[in-house]
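The values are calculated or read from the model by the stated rules, or taken from the named source; none is laboratory data. Fair warning: this is a prediction, and the values are worked out from it, not measured in the lab. So basically every Cβ, Gly included, is an ideal-geometry build from the backbone, and we count neighbours across all protein chains shown.
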Amino acid sequence: MSFAKEVIKNRKAKSLTQEMLAEQSNLSIRTIQRIESGEVNPRLSTIKLICSVLDFEYCENPKKPKKKLAYIFAAAVAVLLIIPFLIISFDTESVSEEGSSSVETTIKTAQITEFILKASLKELKETDFDILNQVFEGNEPDTEITIGFELEGAAFLGDSKIEAFTFKEKGPASKLKSMIQTMQKALSKLEPVPEESQNSL
């Protein structure tokens, strides 16, 4: 049985309305409606909240589309971290009478200090932002970095529909973990626009 049908069955068995379930699970009524209609594949954290309220277990994880953004991150890391910048400086004063010269080669690893991901809300919510640890691993702990995301398309922020949203968080590289958590909290406040509403635009 699909998760949507399980939620409907167990919610009605407990004589709960969608509004009551939303309140007790600390989710929006819009989220409950979309889950029960099968419009969205809820995240594991959302499934756990609903199962806890309705007191049932759900073992079959809903199928999710492949996370294309993981490949985008991987490509960025490969290009920016694996390929170093080569700075070659010639010590012209060390040229000897025999015509030999010394060449001082310095290799500096590329350091990224800002990473802003521009994508749709669906793609952003499917992204594993922990991969940012790899993106910024070449920085010193006190290096100031910036992470964030830029929303492509419309979304709901509370009861308000927004057409654009940009989030940026700055801080030292040593605080990256807490910065990622802050960004994820900001992202969790955004809800997708129902398909029918998008078609009416």
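Here is a list: Lys168, Lys177, Lys118, Lys125. Which entry is within 22 Å of Pro42 (Cβ to Cβ) and among the basic types (Lys, Arg)? Give the derivation first.
Numbers: Lys168 fails: within 22 Å of Pro42 (Cβ to Cβ); Lys177 fails: within 22 Å of Pro42 (Cβ to Cβ); Lys118 fails: within 22 Å of Pro42 (Cβ to Cβ).
Result of the check over Lys168, Lys177, Lys118, Lys125: Lys125.
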Residues of region 40-66 satisfying the condition of being surrounded by fewer than 14 Cβ atoms within 10 Å (Cβ to Cβ) and either in a loop (DSSP other than H, G, I, E, B) or at pLDDT below 80 (or both): Asp55, Glu57, Cys59, Glu60, Asn61, Lys63, Lys64, Pro65, Lys66
Any hit, region 136-148, residues being modelled with pLDDT under 90 and more than 24 Å from the chain's Cα centre (by Cα): no
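If I filter region 11-39 down to residues being among the polar types (S, T, N, Q) and surrounded by fewer than 17 Cβ atoms within 10 Å (Cβ to Cβ), which single residue comes out as farthest from Thr127 (Cα to Cα)? Write out each step before concluding.
Looking only at region 11-39, we keep the residues that are among the polar types (S, T, N, Q), and these are 15, 17-18, 24-26, 28, 31, 33, 37.
Narrowing further to those that are surrounded by fewer than 17 Cβ atoms within 10 Å (Cβ to Cβ): 15, 17, 24, 26, 28, 33, 37.
Working: Ser15: 36, Thr17: 32, Gln24: 27, Asn26: 22, Ser28: 22, Gln33: 24, Ser37: 24 Å.
By that ranking, first place goes to Ser15.
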